[in-house]
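The values are calculated or read from the model by the stated rules, or taken from the named source; none is laboratory data. Predicted model only: the values in this text are computed from it and were never measured. Neighbour counts are summed over all protein chains in view; Cβ atoms, including those assigned to glycine, are modelled from backbone coordinates with ideal geometry. These area figures cover heavy atoms from the full protein model, side chains too; ligands, DNA and RNA do not enter into them. Shrake-Rupley method; radii C 1.70, N 1.55, O 1.52, S 1.80 Å.
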Amino acid sequence: MIPFNKPPYTGSEDKYLLEAARSSAIAGDGAFSKKCEQWFELSLNVKKTLLTPNCTQALEMAAILIDIQPGDEVIMPSYTFVSTANAFVLRGAKVVFVDIRRDTMNIDETKIDAAITGKTKAIVVVHYAGVACEMDSIMRLANDKGLFVIEDAAQGMMSSYNGKALGTIGHIGAYSFHETKNYTSGGEGGLLIINDPKFVERAEIIREKGTNRSKFFRGMIDKYSWVDVGSSYLPSDIQAAYLWGQLENADYINGKRLELWSLYYEELSSIAEKGLIELPCIPNDCTHNAHMFYIKVANLEVRTDLIRYLKENNIMAVFHYIPLHSAEAGKKFGTFSGEDLYTTVESERLVRLPLFFSLEPQQVIKVCSYINSFFA
Ligand SMILES: *Cc1c(COP(=O)(O)O)cnc(C)c1O
């Protein structure tokens with residue numbers, strides 16, 4: 001059986017997990033958490049990063065930081081994971097969905113302007129499959145209109161746009177280290193990336209249950225107390241220890257994924273040339289991280305047949321997302337701005353193929369040969 005996903009595991013996580021377990025400090029902000037955050041701050045060239053228990057909570061922190069109030073409007077694509085929307089809905093925001101581009105499945109930057117009203121507070125971009133949104137025009141528009149840009153870069157670690165790492169372009173960014181992503185901190189994990197320095201101090205407070213405990217630990221004050229709203233957004237140091245093993249191998253993991261991605265691309269190019277499927281599009285200004293390999297088929301019916309055929313041959317392929325604006329909660333908490341030209345039709349054509357760190361090139365060739373024979 002070729003599974004759809006296996007969590008990335010390099011072997012070097014073991015010794016760090018043991019080291020963390022045997023240390024006398026495994027709560028949040030321990031030695032491995034600090035090491036991981038420093039690694040990100042150096043490699044991303046940003047002032048402050050904070051590990052979180054998952055990306056969902058990093059997005060929730062972003063919503064608190066930009067002070068979302070009931071009735072505020074937040075613009076985002078409908079083709080995304082629920083957490084992109086929930087984080088803002090939890091604070092009372094109304095979600096305004098904008099259509100996606102057919103080529104990258106990312107928010108259509110040319111349709112954002114028409115969705116902006118006097119109540120709009122932020123644009124949340126989602127870099128689908130680790131391929132960047134058109135950030136130059138989105139940042140220009142946001143600056144013109146005085147809006148915040150939050151990057152849901154859950155899938156975007158190691159990807160860049162015009163040389164800038166995803167998650168570091170807007171005011172705030174978020175990564176996920178869930179087991180389905182390129183790097184994991186033991187199954188669940190996330191990172192808040194703070195690009196606008198004015199959010200740093202408050203982010204530390206919100207993450208520490210609304211207290212100024214981080215300042216206290218740095219010796220800047222002699223006691224800590226409750227100063228703001230907050231929650232507990234710290235992962236345990238065991239999670240950070242696992243992640244540290246992956247960060248040490250970040251380039252190796254990325255290289256291996258890119259090779260598998262390219263192999264898929266090559267093996268499927270002849271049926272793409274015949275117009276039977278479409279392959280992913282990577283715009284020139286984007287360097288991607290091979291987060292996923294998807295193909296697009298003619299329609300929902302062909303997709304259902306293809307997934308069934310692959311499953312009969314022990315290959316697990318999957319689809320996602322059901323557009324949020326068509327879901328029960330999406331109708332309650334959001335509206336679609338403009339016309340749904342691509343969100344629904346394109347989402348119904350998309351199939352994700354197995355792609356994970358320990359997948360073998362021979363397995364990619366096998367998956368492709370079944371796809372080729374399906375279309376033959
Ligand atoms: C995975 C994912 C999330 C959620 O990440 P968690 O770490 O599981 O909370 C949010 N947004 C997108 C686009 C994702 O792919």
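Details
- Only protein heavy atoms count here; under a 1.4 Å probe, T168 has an accessible surface of about 10 Å².
- Here the simple spin-label model places points 7 Å from the Cα toward Cβ, and for R140 and Y224 these points are separated by 4.4 nm.
- Neighbourhood charge, 12 Å Cβ-Cβ cut-off, centred on F88 and excluding it, Lys, Arg +1 and Asp, Glu -1: -2
- For the chain, the share of accessible area belonging to carbon and sulfur comes to 52 percent (1.4 Å probe, ligands and nucleic acids excluded).
- In Hz, Karplus ³J(HN,Hα) per residue of region 165-178 (6.51, -1.76, 1.60; θ = phi - 60°; x = Gly, Pro): 4, 5, x, 10, 9, x, 6, 9, x, 9, 10, 10, 10, 5
- Point-to-point label distance, A327-N299, nm (Cα→Cβ direction, 7 Å offset): 2.6
- In terms of its Cα atoms, the chain spans 73, 53, 36 Å along the principal axes, sorted from long to short.
- Accessible area of M220 in the full protein assembly, 1.4 Å probe (Å², nearest 10): 110
- Charge tally in the Cβ shell below 14 Å around Q69, where Lys, Arg are +1 and Asp, Glu are -1, Q69 excluded: +1
- The percentage of C-alpha pairs in region 111-161 whose separation is greater than 17 Å is 35%.
- Accessible solvent surface per residue of region 250-375, calculated while the other protein chains remain in place, 1.4 angstrom probe, Å²: 48
- Ratio Rg/Rh, restricted to region 250-375 and using Cα atoms, in which Rh is the Kirkwood radius: 1.01
- Under 12 Å, Cβ to Cβ, from D99 - net charge with Lys/Arg +1 and Asp/Glu -1: -2
- Under 5 Å from the amide H of N106 lie the amide H atoms of R101, each residue being 5 or more positions distant or on a separate chain, with H modelled from the backbone and absent for Pro and chain starts.
- For G190, distant residues with modelled amide H under 5 Å away: T52, N54, F177
- Where the alpha-carbon atoms of region 104-255 are placed on the principal axes, they occupy 50, 43, 22 Å, in descending order.
- Per residue, the accessible area of region 13-247 comes to 38 Å² when a 1.4 Å probe rolls over the protein heavy atoms.
- Angle between the chain longest axis and helix 13-22 axis [Cα atoms, degrees, rounded to 10]: 30
- Between K6 and F375, full extension at 0.36 nm per residue minus the direct alpha carbon distance yields a gain of 130.1 nm.
- Cα-based Kirkwood hydrodynamic radius, region 45-115, one decimal, Å: 13.3
- Stokes-Einstein translational diffusion, region 249-303 - Kirkwood Rh over all Cα pairs, 1.002 mPa s, 20 °C, in µm²/s: 171
- Cα pair distances exceeding 21 angstrom across region 214-279, given as percent: 63
- For region 312-364, the direction-averaged projected area of the alpha-carbon convex hull comes to 5.8 nm².
- Residues whose amide H falls under 5 Å from that of S159, counting only those 5 or more places apart or on a different chain, are L166, with hydrogens built in the peptide plane.
- FRET E, pair R22, L258, Förster distance 41 Å, beta-carbon r, rounded to 0.05: 0.70
- Taking label points 7 Å from Cα along the Cα-to-Cβ direction, Y265 and K215 give a separation of 4.9 nm.
- ³J(HN,Hα) computed for each position of region 76-89 - Karplus, 6.51 cos²θ - 1.76 cosθ + 1.60, integer Hz, glycine/proline x: 7, x, 8, 7, 7, 6, 4, 4, 4, 7, 3, 4, 8, 4
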